[in-house]
Amino acid sequence: MSITINDIETEFYQPQTIIALLEQLKQPTIGIALAINQTIIPKDEWATYQVQDNDSIIIFQAIAGG
Amino acid sequence: MLTDQQFMRYSRQLLIAEIGENRQTQLLNAHIIIIGLGGLGSPAAHYLASAGIGKLTIIDDDIVHISNLQRQTLYNSFDIDKLKTEAAQKRLRAINPDCQITIITQRLNQAQLTKQIKQADVVLDCTDNMPSRLLINRVCVSLSKTCISASAIGFHGQITIFQPPYQHGCYACLYPDGQEVTRNCQTAGVLGPVVGMMGTLQALEAIKKICQIPSLLDSHIQLFNGLDLSWQTLMRSRSRHCPVCNHHPTNEGDNETTR
């Protein structure tokens, strides 16, 4: 399936949960948030939420500075 | 009923259809708390004082440092080593003597923050660290107070509004780790115009809130990228197990997340 992550299109060959996807990408999970198709998915759902073909994912960091 | 002086001072915004005399009166009767008088709090306080917010409570325990002058627009070279609250109060009073400025020059604990926030209509989180943001969130949720929250680093900014009934969650829903990614000195700086812009937008959203003008930020977070001048608009979601806001009922019933 084809997924866009931060505007980069990537192919994955089987369905996955968000957590599995992040592991594959070697993306650390602390201090980040994630949206799929412009809606944020809370972190407590990452272990069960199934990513779909053509999903567009945005991963961004918590920023506390000001 | 506005005085002649007020008509002149606020004439440019009285001309705006969504403002007018009634809304200006609401601004004059409003009390806003600004926590943090740095890169965000400086422009926010300036624009809110100049727009005619009746009462501002400004909170910061720091003194002005030379490195602040790169972005903290309330201060100048003569303010170095002065308390930020005192320098800010002087500057804001000169901008608008009608604005009642209360200063708090200490880092508040939960009980003290609760006492202050209880008295305000809107809270602006203009702090620069995660523990403060988590505390402000806890207090605002417990008091059902609207919190306009922004942040910035490098070329990037974020802004959103957390408010009851927390249908789209709170700060702890968004960042449940309560931690940032570890950054080094090269990635921890910020550009003046970026943080200034985010603080300015906090002031804009506060004015809209007092004037009951709806905002996309009530349900969304906006991410600003200063490198390509682009915005990402993402709908926020309440976390079903959030220990902070979970006790607030939502429109759809207990613990339902709207998507």
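Before moving on, here are some points about what is shown:
- For peptide A:38-50, the mean count of partner chain Cβ atoms within 10 Å of a residue's Cβ comes to 5.
- Taking 20 Å as the straight-line reach from the Cα of B:Lys55, the lysines in range (excluding those fewer than 8 positions away in the same chain) are B:Lys84, B:Lys90, B:Lys115, B:Lys118, B:Lys145, B:Lys208, B:Lys209.
- Dipole of the protein assembly as shown computed with +1 at Lys/Arg Cβ and -1 at Asp/Glu Cβ about the Cα centre; of B:Pro97, B:Val195, B:Met235, farthest Cα towards the positive end is B:Pro97.
- Cα-based shape type of chain A, given that a ≥ b ≥ c are square roots of the gyration tensor eigenvalues and the cut on a/c is 1.5: prolate
- The 3J(HN,Hα) values that the Karplus relation (6.51, -1.76, 1.60; θ = phi - 60°) gives for region B:7-14 are, in residue order, 4, 6, 4, 9, 4, 5, 8, 5 Hz. Gly and Pro appear as x.
- Each Lys or Arg adds one and each Asp or Glu subtracts one; over the other residues with Cβ under 15 Å from the Cβ of B:Pro193, this totals 0.
- Segment B:Ser67..B:Gln232, full-extension length gain: 56.4 nm, with 0.36 nm per residue of separation and the alpha-carbon distance subtracted.
- Size of charge dipole - region B:103-218 - debye, nearest 20, with Cβ of Lys, Arg +1 and Asp, Glu -1, no other charges: 300 debye
- Residues of the protein assembly as shown: accessible area per residue with a 1.4 Å probe, Å²: 46 Å²
- Look at where the Cα atoms of region A:42-59 and of region B:40-100 average out, and the two centres are 42 Å apart.
- Each Lys and Arg adds +1 at its Cβ and each Asp and Glu adds -1 at its Cβ; summed about the Cα centre, chain A shows a dipole of about 240 debye.
- Potential extension, B:Asn22-B:Phe78 segment - 0.36 nm per residue separation minus Cα distance: 16.2 nm
- Share, in percent, of DSSP beta bridges within chain B that are antiparallel, nearest 5: 50 percent
- Computed from backbone phi with θ = phi - 60° and the Karplus coefficients 6.51, -1.76 and 1.60, the 3J(HN,Hα) list for region B:42-53 is 4, x, 4, 5, 4, 5, 6, 5, 6, 7, x, 4 Hz; x is used for glycine and proline.
- Value at 222 nm in deg cm²/dmol, rounded to 500, when DSSP H runs of n ≥ 4 in the protein assembly as shown each add -39,500 (n - 2.57): -8500 deg cm²/dmol
- Loop sites by DSSP among the GluC sites (Glu not before Pro) of chain B, restricted to those with at most 16 other Cβ atoms within 10 angstrom, leave B:19-251 as the longest stretch without any of them.
- One Cα centroid belongs to region B:1-20, the other to region B:161-203; the line between them spans 33 Å.
- The interface between chain A and chain B buries about 2400 Å² of solvent-accessible area in total (1.4 Å probe, ligands and nucleic acids excluded).
- Phi-based couplings in Hz for region B:126-138 (Karplus 6.51, -1.76, 1.60; Gly and Pro marked x): 10, 7, 10, 8, 5, x, 5, 5, 5, 5, 4, 4, 4
- Between A:Ile19 and B:Ala111, the modelled labels are 4.0 nm apart [label points 7 Å from Cα along Cα→Cβ].
- Region B:121-186: chymotrypsin sites (Phe, Trp or Tyr not before Pro) in DSSP loop, at most 16 other beta carbons within 10 Å: B:Phe155
- The amide H of A:Thr17, built 1.01 Å from its N in the peptide plane, has A:Val51 as neighbours under 5 Å, considering only residues 5 or more places off or on other chains.
- Amide H contacts under 5 Å for A:Ile32: A:Ala62, restricted to partners 5 or more places along the chain or on a different chain, H placed in the peptide plane at 1.01 Å from N.
The values are calculated or read from the model by the stated rules, or taken from the named source; none is laboratory data. Just so it is clear, the structure is predicted and the values come from calculations on it, not from any experiment. Don't worry about glycine lacking a Cβ; one is built from the backbone with ideal geometry, like all the others, and counts go over all protein chains shown. Just so you know, the surface numbers come from the protein's heavy atoms only, side chains and all, with ligands and any DNA or RNA stripped out. Shrake-Rupley method; radii C 1.70, N 1.55, O 1.52, S 1.80 Å.
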